[in-house]
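The structure under discussion appears below in the form of structure tokens.
Derivation of every value follows stated rules applied to the coordinates shown; laboratory data play no part. Bear in mind that the values here come from a model prediction, so they are computed numbers and not experimental data. Glycine gets a Cβ as well: all are built from the backbone with ideal geometry, and neighbour counts include every protein chain shown.
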Amino acid sequence: MDHPAIKLDHVTIELGGEVVLSDVSLEVQHGETLVIVGPSGAGKTVLLKTMAGIYKPLKGHVYCEGEDWQDLQSEEKIRLARKIGMQFQKSALFDSMSSFENVAFPLREHTTMNEQEIESRVRECLAEVGLSQAQNMMPHELSGGMKQRLGIARSLALHPEIIFYDDPTAGLDPINTDILLDLILNLKKEHASTIIMVTHSLLCAYKMADRIVLVGNKQVIVAGTAEEAQHSSHPLVRQFVEGIMEGPLKWD
Ligand SMILES: Nc1ncnc2c1ncn2[C@@H]1O[C@H](COP(=O)(O)OP(=O)(O)O)[C@@H](O)[C@H]1O
Ligand SMILES: [Mg+2]
């Protein structure tokens with residue numbers, strides 16, 4: 001493949017009359033795990049959704065698999081979006097549906113699979129995240145870690161090539177955080193997918209990232225590998241990795 005999985009070319013995003021991201025250029029390569037860090041309110045979720053074609057840039061272009069989101073008609077957009085798996089903040093499960101039905105949902109919406117094929121794919125996905133026993137449980141009966149894993153199972157259902165995770169370990173205890181991160185790493189190995197992940201946790205970033213980027217002051221700064229980020233001389237990256245409130249990096 002000769003184009004990056006995702007490319008942002010001089011992208012400016014304005015929401016509610018405010019510029020959230022200004023003149024951002026960034027490429028994510030196939031098979032890469034890119035981790036996005038930054039203060040809360042800095043625009044990490046906005047950056048993810050921009051990559052996924054959900055927010056339109058005021059200026060610049062966003063390419064997914066070499067295609068400019070802006071050039072696509074709605075049917076072509078849906079085709080491209082099927083290559084993407086999304087695990088939103090707080091897992092966004094359907095509360096009135098069982099685990100099974102949550103995972104079946106995208107298959108029912110986006111494929112012509114019959115009931116038997118759906119059942120078989122749902123079982124595969126639940127097994128991959130260790131939730132085979134929980135297929136008839138409702139979301140409110142699941143622990144925080146199980147909910148996150150169910151969200152991941154659902155995002156895997158359509159065999160995505162690129163998976164977006166928005167702070168998947170938020171609110172989890174250290175043991176469940178580790179379990180979840182190991183699961184994500186294993187799934188990545190198995191499926192050779194590209195991963196773009198937001199996290200509030202530097203430890204998580206260091207464990208997962210091929211490359212770390214920092215979102216702050218409307219910019220996106222490539223901090224490099226975990227090693228490079230820790231030794232970066234960029235003032236915003238330095239301030240963030242050292243966790244200092246006072247400095248050029250603006251908190252929400
Ligand atoms: N749909 C929206 N409309 C208007 N403003 C938004 C919208 N989504 C996010 N914002 C604003 O953009 C900024 C970045 O938000 P967000 O990406 O959610 O931050 P975080 O880094 O915590 O994920 C915030 O100031 C937020 O209020
Ligand atoms: Mg966010």
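Numerical summary
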{"quantity": "Flagged links, alpha-carbon separation over 23 Å, of Lys7/Lys49; Lys207/Lys250; Lys56/Lys77; Lys83/Lys250; Lys56/Lys207; Lys59/Lys83", "calculated": "Lys207/Lys250; Lys83/Lys250; Lys56/Lys207; Lys59/Lys83"}
{"quantity": "Point-charge dipole on Cβ atoms (K/R +1, D/E -1) for the range 68-159, about Cα centre, debye to 20", "calculated": "260"}
{"quantity": "Top of Met86, Met137, Met197 by mean-square fluctuation, Gaussian network on the chain, Cα under 10 Å", "calculated": "Met137"}
{"quantity": "Global form of the range 143-209, assessed from the alpha-carbon gyration tensor, a/c cut-off 1.5", "calculated": "oblate"}
{"quantity": "Electrostatic dipole magnitude of the chain [Cβ: Lys, Arg +1; Asp, Glu -1; Cα centre; debye, to 20]", "calculated": "240"}
{"quantity": "5 Å-binned pair-distance histogram of the range 52-197 (Cα, whole percent)", "calculated": "2, 9, 19, 21, 20, 14, 9, 5, 1, 0"}
{"quantity": "3J(HN,Hα) from dihedral phi, the range 70-77, Karplus parametrisation 6.51/-1.76/1.60, rounded to Hz, x for glycine, proline", "calculated": "5, 7, 8, 6, 4, 5, 5, 4"}
{"quantity": "Lys59-Leu203 FRET efficiency (beta carbon distance; Förster radius 35 Å; 0.05 resolution)", "calculated": "0.50"}
{"quantity": "Charge dipole (the range 114-218, unit charges on Cβ, about Cα centre) - positive-most of Gln116, Thr169, Leu158", "calculated": "Thr169"}
{"quantity": "Listed peptides 14-20, 35-41 by packing density, highest first (mean Cβ within 10 Å)", "calculated": "35-41, 14-20"}
{"quantity": "Under the Karplus curve 6.51 cos²θ - 1.76 cosθ + 1.60, θ = phi - 60°, whole-Hz ³J(HN,Hα) for the range 11-17, x wherever Gly or Pro sits", "calculated": "8, 10, 10, 10, 10, x, x"}
{"quantity": "Ranked packing of 71-79, 97-105, 220-228, most packed first, by mean Cβ within 10 Å", "calculated": "97-105, 220-228, 71-79"}
{"quantity": "For the chain, calculated [θ]222 nm from helices alone, where every DSSP H run of n ≥ 4 adds -39500 (n - 2.57)", "calculated": "-11000 deg cm²/dmol"}
{"quantity": "Residue-span extension gain [His110 to Phe94] - 0.36 nm each, minus C-alpha spacing", "calculated": "4.1 nm"}
{"quantity": "Average projection area in nm² (convex hull over Cα atoms of the range 116-166, one quarter of hull surface)", "calculated": "3.8"}
{"quantity": "Over the range 68-130, equivalent-ellipsoid semi-axes from the Cα gyration tensor in Å", "calculated": "24, 16, 11"}
{"quantity": "For the chain, with +1 on Lys and Arg beta carbons and -1 on Asp and Glu, the positive-most of Asn102, Val241, Val35 along the dipole", "calculated": "Val241"}
{"quantity": "Compactness of the chain - radius of gyration and Dmax, Cα, Å", "calculated": "18.3, 58"}
{"quantity": "Estimated dipole of the range 151-252 in Debye, rounded to 20 [Cβ of Lys and Arg +1, of Asp and Glu -1, Cα centre]", "calculated": "220"}
{"quantity": "Exposure proxy order (Cβ contacts within 10 Å, fewest to most) of Met113, Met51, Met208", "calculated": "Met113, Met208, Met51"}
